[in-house]
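Here's the structure we're looking at; comments come further down.
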Amino acid sequence: MLLKDKVAIVTGAASGIGKEIAHTYAREGASVVIADLDLTQANAVAEEIKANQGQALGVKMDVSREEEVEHGVEQAVNAFGSIDILVSNAGIQHIDPIEKLSFADWKKLLAIQLDGAFLTTRSCIRHMYESKRGGSIIYMGSVHSKEASMLKAPYVTAKHGLIGLCKVVAKEGAKHNVRANVICPGFVRTPLVEKQIPEQAKNLGISEEAVIKTIMLKDTVDGEFTTTEDVAAVALFFASFQSNALTGQSLVVSHGWFMQ
Ligand code: NAD
């Protein structure tokens, strides 16, 4: 068990990639806090984990709201005693060309992706410093942390921004043995992606199949989607790595869509 006696908070863990990471961490012995906007679904994931003899707690958290983040992290510490791992994963997508993009949609996406990453980092890192147990902070970036695509201005901007935040956290956290890294997945078939297939098809005037083949998977080495399991395996690697040798990094898991 790679995460025995560790406590992890995974945001956006009621669905998709976050849910898979929560299950993976629980199987490796961590107590996992499922933090999500959707408390009903968060509780359902926590129940699944408990049914498999794991330890889990669902908490309601809008990561863009300071008081909800503080309250959710407090609930986690009260339940499990400390925080060792944060996976800042909650996120949304928005598809629009810049000339049609509203300021409200721009700000909403940045608030969830960037304010959320900052607020959860600040809250968890205080506990990591105080406990003197060190810690691992993992940001869910994207190939869009490295590459741009049309129609995704706020998403590409936010995902690039996470790499900057990660590097600062890696530098500041080092003396407390707190590491920070970014995972950059290619397309994974979660609800977030299922929603954008018809949206992109409409915006670009092409079929849904063409969106998958000629846009999403066009530059992969094998035309395959990345899976939630692929991403969770990287999240486990970062969480269980023992020293500051691996910090301030971003790792792309995308079937070769982006090669460094
Ligand atoms: P998803 O839609 O399946 O899950 C996202 C979860 O985040 C949901 O449970 C939702 O309720 C929650 N959420 C949304 N806003 C929130 C908020 N303000 N506060 C707390 N929770 C909130 O999506 P996913 O595909 O699993 O995406 C997870 C992360 O992975 C996102 O950051 C996304 O950008 C990133 N990512 C996804 C892909 C992909 O292809 N699916 C690729 C690269 C990166």
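List of remarks:
- Selection from the stretch 166-218 of residues that are open to solvent by 80 Å² or more (accessible area, probe 1.4 Å) and part of a loop (DSSP other than H, G, I, E, B): Asn177, Arg189, Lys218
- Residues of the stretch 95-115 satisfying the condition of being surrounded by fewer than 16 Cβ atoms within 10 Å (Cβ to Cβ) and either assigned to a loop (DSSP other than H, G, I, E, B) or more than 14 Å from the ligand (Cβ to nearest atom) (or both): Pro97, Ile98, Glu99, Lys100, Ser102, Phe103, Ala104
- Lone qualifier among Ile163, Ile183, Ile215 - being in contact (Cβ under 8 Å) with a residue 60 or more places away in the chain, among the aliphatic types (A, V, I, L, M) and within 11 Å of the ligand (Cβ to nearest atom): Ile183
- Number of residues in the stretch 223-247 that are more than 30 Å from Lys213 (Cβ to Cβ) and outside any helix (DSSP H, G or I) equals 7.
- Condition met for Met140 (within 11 Å of the ligand (Cβ to nearest atom), on the phi < 0 side of the Ramachandran plot and open to solvent by less than 60 Å² (accessible area, probe 1.4 Å)): yes
- Test set (1) in a strand (DSSP E or B); (2) in contact with a Pro (Cβ under 8 Å, 6 or more places away or on another chain) - Met150 fails condition number: (1)
- Test for Val7: is it modelled with pLDDT of 95 or more and open to solvent by 10 Å² or more (accessible area, probe 1.4 Å): no
- Residue within the stretch 10-31 that is more than 18 Å from Ser136 (Cβ to Cβ), within 14 Å of the ligand (Cβ to nearest atom) and more than 18 Å from the chain's Cα centre (by Cα) present: no
- Any hit, the stretch 238-247, residues being at pLDDT 95 or above and within 15 Å of the ligand (Cβ to nearest atom): yes
- Just one of the listed residues (Ala245, Ala201) is more than 30 Å from Lys175 (Cα to Cα) and without any contact (Cβ under 8 Å) to a residue 60 or more places away in the chain, and it is Ala201.
- Scan of the stretch 32-59 for residues that are more than 9 Å from the ligand (Cβ to nearest atom), buried (at least 23 other Cβ atoms within 10 Å of the Cβ) and among the small types (Gly, Ala, Ser), ordered by number: Ala46, Ala56, Gly58
The values are calculated or read from the model by the stated rules, or taken from the named source; none is laboratory data. Everything numeric here is computed off the predicted structure, so don't read it as measured data. All Cβ positions, even for glycine, are placed from backbone atoms using ideal geometry, and neighbour counts span all protein chains on display. Only protein heavy atoms, including side chains, enter the accessible area calculation; ligands, DNA and RNA are left aside. Shrake-Rupley method; radii C 1.70, N 1.55, O 1.52, S 1.80 Å.
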